[in-house]
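Below: one structure, written as structure tokens.
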Amino acid sequence: MKNFTIYLVILVFLFVSKVLGQETFESKAKQIANKIEKITKQEKETLKKEVEEINVQLSNGVITGEQADKRKKELAEARAVIIEEKVTLAQNELNDLVQQKVDGKLKEQDSTKKNRLIIHWDRNDWNNKNGKDSIRGEKRTTSQFVFAMGLNNIIADGELQDSNYKFMGSHFYEWGFTYNSRLIKNYNLLHAKYGLSLMYNNIRPTNNRSFVVNGDQTNLEINPVNLKESRFRNVYLVLPVHLEFDFTKPKEKDGKTYFRTHKSFRFGIGGYAGINVKSKQILKFEEDDLKYKTTIKGDYNVNNFIYGLSSYIGYKELSLYLKYDLNPLFQDNLVKENNISLGLRFDFN
């Protein structure tokens, strides 16, 4: 059941990534520009053939010079009307595309290839002009590699259980990938931040104790062996979602506004939900001058699902990161113990 759920979460994440990788505004605009170019080229070729036929008729004396000039003028005007009608349809497609972009329904092109398309139509002169922005802007949706680490412990009845678990010896780690989307096209403060992460929560019991499963209860008991280390680790695959406030100021040049992220103070509030993919207990001890390390895997009555609240505040890539599990670590223990973590978070844009 766990493996199936893991695969399902990964498939959902890949689907979201695929949706975000849809065609960009620039690529669709380029397709329309190519269509207009093809229309004008085809109609010009047709007009050229028609004029050549008139010239043949003129050379054979079928028509007079005056008739030939009149006929050429009529054909040119007719082709111009046809071109104008077809180009108008293409321009309507472009107008719809621009409206979609204004509404934020299209993803922008990579910041290194941001182009502006200018289309001008004239009955006697057809041309397309391409211009480049003088400076580079950032895409409305960006991606980051996230890494976090820090202290991990347990809260029960509203109190930190630092007497049961080593305060400095219990750690957490997290790594994953996120997308960061500006929610309002021309306003840089609000962002939606979402992605996929692996969380590693470690707690180290004090006083030579380790976890023992007694039915539906998982208890801390003194180990008969003198332990050098006792560590309990849970690994989770989670989907974090945050509303991020980014105070990076927009850059203005030539009357245009260009947005950046992760260049100033930021803070985010949100949460996460996911599944437990592994639970294990690691015990280290010495006997007769020999060192032993035992890894015991099992479910330990740990909750299969995890959900909680998280927040971070920082400057540029570095943030202070806090997360708290709303559901208890163990399913049916009489004392409800919830995991809490505090550390540093890095968002590499």
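Bear in mind that the values in this text are calculations on the coordinates, not laboratory data. No experiment lies behind these values; they were computed from the predicted model shown. Positions of Cβ are backbone-derived with ideal geometry, glycine not excepted, and every protein chain shown enters the neighbour counts.
Could you derive backbone 3J(HN,Hα) for the stretch 218-226 from the dihedral phi with the Karplus parameters 6.51, -1.76 and 1.60 (θ = phi - 60°), listing whole Hz in sequence and x where the residue is Gly or Pro?
10, 10, 8, 9, 5, 7, x, 9, 6
Between ASN333 and GLU286, 0.36 nm times their residue separation minus their Cα-Cα distance comes to what?
Length gained, ASN333 through GLU286: 13.8 nm.
In nm, to one decimal, how far is the modelled label at ILE313 from the one at GLN100, with both set 7 Å along Cα→Cβ?
4.2 nm
Among the listed pairs LYS280/LYS336; LYS193/LYS297; LYS38/LYS256, which are separated by more than 28 Å between their Cα atoms?
LYS193/LYS297; LYS38/LYS256
So, R0 is 51 Å and r is the distance between the beta-carbons of LYS293 and PHE267; what FRET efficiency does that work out to, to 0.05?
FRET efficiency, LYS293 to PHE267: 0.80.
Would you mind calculating the gained length between LYS228 and GLU84 on full extension (0.36 nm times residue separation, minus the Cα-Cα distance), in nm to one decimal?
Gain on extension, LYS228 to GLU84, equals 43.5 nm.
Rank by packing, highest mean first: peptides 171-181, 34-44, with packing defined as the count of other Cβ atoms within 10 Å averaged across residues.
The packing order, highest mean first, is 171-181, 34-44.
Order 189-202, 155-168, 285-298, 58-71 from most to least packed using the mean count of other Cβ atoms within 10 Å.
So the order, starting with the most tightly packed, is 189-202, 155-168, 58-71, 285-298.
Given R₀ = 51 Å, FRET efficiency for LYS185-ASP157 by Cβ-Cβ distance, to 0.05?
0.60
Measure off 7 Å from each Cα along the Cα-to-Cβ vector at TYR200 and LYS256, then give the distance between these two points in nanometres to one decimal.
Rounded to a tenth, the inter-label distance reads 4.5 nm.
For GLU50 paired with LYS38, estimate the spin-label separation in nm (one decimal), with each label point 7 Å from Cα along the Cα-to-Cβ line.
Placing both labels 7 Å beyond Cα along the Cβ direction yields 2.2 nm.
How much net charge surrounds LYS280 when only the other residues with a Cβ under 11 Å from the Cβ of LYS280 are counted, with Lys and Arg +1 and Asp and Glu -1?
Net local charge, LYS280 excluded: +3.
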